[in-house]
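Colleague: Below: one structure in structure tokens.
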Amino acid sequence: MTENTADGTMLSGGGRSRGYLEEKGFRSWALTLDHKRIGALYLYTTLFFFLLGGIFALLIRIKLMYPGQEIFSNHTYNVLFTLHGSVMIFLFIIPAIPSGLGNFFIPLLIGARDVAFPRLNLASYWIFVAGILVILGSLLRPMDTGWTFYTPYSAKTAANVTLLSFGIFLVGMSSILTGLNFIVTIHTLRAPGMTWHRLPLFIWGMYATSIIQVVATPVVGITFLLLAMERLFGVGFFDPAKGGDPLLFQHFFWFYSHPVVYVMILPAMGIISEVIPVFSRKPIFGYKAIAYSSLAIAFIGFFVWGHHMFVSGMSKTAGIIFSFLTFFVAVPTAVKVFNWIATMYKGSITFESPMLYSLTFIFLFTFGGLTGMFLGALATNIHLHDTYFIVAHFHYTMVGGTVVGFLAGLHYWFPKMTGRMLSEKMARWGWLLTFIGFNLTFLVQFYLGFKGMPRRWAEYPPQYQSLNIVSTVGSWIMAGGILVMFSNFIRGFFRGDPAPANPWKGLTLEWQTASPPPTENFEEIPVVTDWPYGYAKRKTAGPPPRFFDRGAGDG
Ligand code: HEM
Ligand SMILES: [Cu+2]
């Protein structure tokens with residue numbers, strides 16, 4: 001017999017119901033058709049690879065403290081940054097928010113019981129796992145080409161390129177199927193009254209992301225198949241000796257890999273658009289502008305890939321066009337940043353951990369985006385291409401942006417996903433160490449790159465050593481912050497205070513059902529009568545809590 005307490009918590013058989021987590025056993029997970037469980041499986045898997053990719057990064061950083069010393073061979077160094085980049089990109093940052101949090105929250109946010117194709121959803125997860133196993137298989141002769149796999153080297157190296165290509169092809173297929181599932185779900189399963197202009201902004205971000213996944217991912221899949229055919233059958237797609245062109249590979253690779261940075265960032269931006277109004281207690285500013293800027297970014301993002309190839313000998317005209325479009329894509333991005341800030345203006349802002357990460361996202365991603373301007377300009381790009389300025393830039397956008405946005409989402413939705421609260425005190429220490437460590441690691445790299453330090457070199461001239469030591473120490477502090485965060489997640493999952501249905505007083509539909517949600521999401525499909533951002537200012541004017549005060553979840 002189930003009944004709801006005043007705060008919406010479900011009780012069954014005298015204890016708290018674990019909702020969709022109730023059923024136990026391997027089969028109940030391995031063969032689940034529940035989007036929440038499939039989302040959780042993606043989260044566990046991608047978080048594991050985040051940690052693995054982080055370990056590779058720490059090893060790279062240790063070597064970079066000691067130029068001229070054989071900590072490990074230069075070949076091992078090449079393998080490590082290739083694995084670091086590939087694991088972080090293909091097995092963590094692309095699937096983490098869309099397939100993890102997207103799978104869990106899209107049906108809840110639109111008022112549906114599941115996605116449109118639950119079996120396809122489960123299949124997409126196991127295709128993802130199959131891809132992972134193939135990629136792990138390629139480690140018998142690990143890749144040393146960099147995560148960009150440029151020809152002609154990738155067509156010639158002894159590493160397991162063909163196997164890895166097939167693994168990435170499978171991971172890509174999983175991404176396409178997930179995108180397809182979400183597009184049909186958003187079009188066909190919205191609750192009564194949930195019109196497009198009442199959709200939560202995370203849904204608009206996920207919708208734009210799904211379109212990119214479906215349209216762009218086949219290109220990288222085909223590119224890796226062509227590379228595999230060149231290696232296996234000697235077909236000269238990229239080999240000039242056979243009439244091929246190695247630059248063709250770069251065009252194909254970046255035609256996918258630039259739009260895919262929006263698969264990484266648009267879902268994170270969607271999370272920020274959900275969190276800012278809740279903790280500012282103010283309606284989101286410029287709802288339609290934010291919604292449509294997601295689609296604008298997705299569209300313009302298909303036409304800028306050439307900015308990765310300004311020094312590959314392309315014509316001046318092509319360079320000018322790609323440079324202009326690269327600046328142009330910054331416009332819809334800026335619209336979001338301005339609207340988030342306008343939403344906070346005169347709000348009743350509180351700094352719980354989801355808000356801390358969201359503010360950090362706005363700061364770091366804007367910083368990362370602005371340094372992108374230096375790289376979009378033809379003249380400065382020539383100076384900065386393949387230096388540590390680039391490494392710093394994409395870590396500010398991908399880590400400072402997407403990973404921090406992902407952490408904002410995990411801290412915001414943890415109570416809903418688990419039915420338990422995180423310790424706010426631990427969350428804040430995790431945030432502070434990560435913030436300091438991240439900036440210490442990557443800020444100096446802008447200067448190192450500006451001063452000419454090349455990326456992907458295991459050795460470098462001695463004048464760069466002191467700042468590399470600063471960067472490496474920074475990566476240790478950041479690792480410390482990540483460890484505090486993960487211990488908070490684990491502690492919260494097993495021993496966190498019980499979470500009410502709506503700890504943050506949010507208005508979107510996921511907060512209108514129990515924590516954790518029942519398998520069928522809602523007892524009755526809700527009827528939507530208004531947009532989900534009608535927040536009113538907080539009445540209570542009590543003193544704001546001090547930063548390290550015990551907060552929610554600290555008992
Ligand atoms: C957690 C802390 C991290 C540290 C300390 C770190 C450090 C580094 C360093 C030093 C390099 C340059 C290696 C070289 O060019 O020689 C690098 C490359 C790279 N990192 Fe990270 N990284 C971190 C997190 C991430 C994350 C979260 C992502 C993506 C989600 C990422 C993606 C990449 C990529 C794609 C490359 C380029 C690899 C290549 O050149 O092929 N990193 N990282
Ligand atoms: Cu790009």
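Colleague: So if I place +1 on the C-beta of Lys and Arg and -1 on the C-beta of Asp and Glu, and nothing else carries charge, what would the dipole magnitude of the chain be about its Cα centre? I want it in debye, nearest 20.
Modeller: The calculated dipole for the chain is roughly 700 debye.
Colleague: Ok, one more. Using 7 Å Cα-to-Cβ label points, what is the Val473/Lys288 separation (nm, one decimal)?
Modeller: Simple spin-label model gives 5.4 nm for this pair.
Colleague: Tell me the mean residue ellipticity at 222 nm calculated for the chain from its helices only (DSSP H runs of n ≥ 4, each -39500 (n - 2.57), averaged over every residue, nearest 500).
Modeller: -20000 deg cm²/dmol
Colleague: Ordered by packing density, taken as the mean number of other Cβ atoms within 10 Å over each peptide's residues, highest first, how do 443-456, 517-530 rank?
Modeller: 443-456, 517-530
Colleague: Report the one residue of Ile271, Ala427, Ser348 whose Cα lies farthest in the direction of the positive end of the charge dipole of the chain (charges on C-beta: Lys and Arg +1, Asp and Glu -1; origin at the Cα centre).
Modeller: Projecting each Cα onto the dipole axis, the largest value belongs to Ser348.
Colleague: With r as the distance between the Cβ atoms of His197 and Leu139 and R0 = 60 Å, compute the FRET efficiency 1/(1 + (r/R0)^6) and round to 0.05.
Modeller: The pair Leu139/His197 has a calculated efficiency of 0.80.
Colleague: Let me ask something else. Once you sort the root eigenvalues of the Cα gyration tensor of segment 319-472 as a ≥ b ≥ c, which label holds: rounded (a/c under 1.5), prolate (a/b larger than b/c) or oblate (the other case)?
Modeller: Since a/c reaches 1.5 but b/c is at least a/b, the shape of segment 319-472 is classed as oblate.
Colleague: Could I ask something else about it? Within the chain, which whole H helices from DSSP have a Cα span along their axis of at least 27 Å and a mean Kyte-Doolittle hydropathy of 1.0 or more, if any?
Modeller: TM-like helix candidates: 35-63, 118-137, 161-188, 201-233, 259-280, 353-376.
Colleague: Taking only C-alpha pairs under 8 Å that are 6+ residues apart, what is the relative contact order of the chain in percent?
Modeller: Relative contact order of the chain: 18 percent.
Colleague: Something else: Report the one residue of Thr185, Leu201, Pro259 whose Cα lies farthest in the direction of the positive end of the charge dipole of segment 175-282 (charges on C-beta: Lys and Arg +1, Asp and Glu -1; origin at the Cα centre).
Modeller: Toward the positive end, the furthest listed residue is Leu201.
Colleague: Another question about this same structure. Quick one: go through segment 144-162 and flag any residue whose amide nitrogen is under 15 Å from the point 7 Å out along the Cα-to-Cβ line of Ala241.
Modeller: 152-158
Colleague: Same structure again: Taking 0.36 nm per residue of sequence separation and subtracting the Cα-Cα distance, how much length would be gained by fully extending the chain between Ala536 and Tyr447, in nm to one decimal?
Modeller: Extra length from Ala536 to Tyr447 when fully extended: 27.6 nm.
Colleague: What whole-number value in Å² describes the accessible area per residue of the chain for a 1.4 Å probe?
Modeller: Per residue, the chain has an accessible area of 39 Å².
Colleague: Something else now. With a Förster radius of 56 Å, plug the Cβ-Cβ distance of Trp29 and Ile320 into 1/(1 + (r/R0)^6) and report the FRET value to the nearest 0.05.
Modeller: It comes to 0.60.
Colleague: Apply the Karplus curve 6.51 cos²θ - 1.76 cosθ + 1.60, θ = phi - 60°, to the phi angles in segment 141-156 and return the couplings in whole Hz, x for Gly and Pro.
Modeller: 10, x, 5, 9, 9, x, 6, 8, 6, 4, 7, x, 4, 5, 7, 10
Colleague: I've got another one for you. Return, ordered by residue number, the residues of segment 148-184 whose backbone nitrogen is under 14 Å from a label point located 7 Å along Cα→Cβ of Leu120.
Modeller: 173-184
Colleague: If you don't mind, there's one more thing I want to ask. Distance between the C-alpha centers of segment 48-115 and segment 254-288? Whole Å please.
Modeller: If we compute the Cα centre of each part, the gap is 21 Å.
Colleague: May I pose another question? Multiply the residue gap between His75 and Leu58 by 0.36 nm, knock off their C-alpha separation, and tell me the result in nm, one decimal place.
Modeller: 4.4 nm
Colleague: Sticking with this structure for a sec: Rounded to a whole number, what is D in µm²/s for the chain from Stokes-Einstein with the Kirkwood radius over alpha-carbon pairs (10 °C, 1.306 mPa s)?
Modeller: 66
Colleague: Please report, as a whole percent, how much of the solvent-accessible surface of the chain comes from carbon and sulfur atoms (probe radius 1.4 Å).
Modeller: Reported share for carbon and sulfur atoms: 72 percent.
Colleague: Further question on the same structure: How high is the relative contact order of segment 135-228, in percent, with contacts defined as C-alpha pairs under 8 Å that are six or more residues apart?
Modeller: Taking the mean separation of contacting Cα pairs over the length of segment 135-228, I get 38 percent.
Colleague: Next up: Could you tell me which residue out of Trp413, Phe237, Ile436 lies farthest along the dipole of the chain toward its positive end? Charges go on the beta carbon: Lys and Arg +1, Asp and Glu -1, centred on the Cα centre.
Modeller: Sorting the options by dipole projection puts first Ile436.
Colleague: Can you give the extra length, in nm with one decimal, that the chain gains between Ala379 and Trp147 once fully stretched, where that is 0.36 nm per residue apart less the Cα-Cα distance?
Modeller: 81.0 nm
The values are calculated or read from the model by the stated rules, or taken from the named source; none is laboratory data. None of the values given here were measured: they were computed from a predicted structure. For neighbour counting, all protein chains shown are included, and Cβ atoms are generated from backbone atoms with ideal geometry for every residue, glycine included. Surface areas here come from the heavy atoms of the whole protein model, side chains and all, with no ligands, DNA or RNA. Shrake-Rupley method; radii C 1.70, N 1.55, O 1.52, S 1.80 Å.
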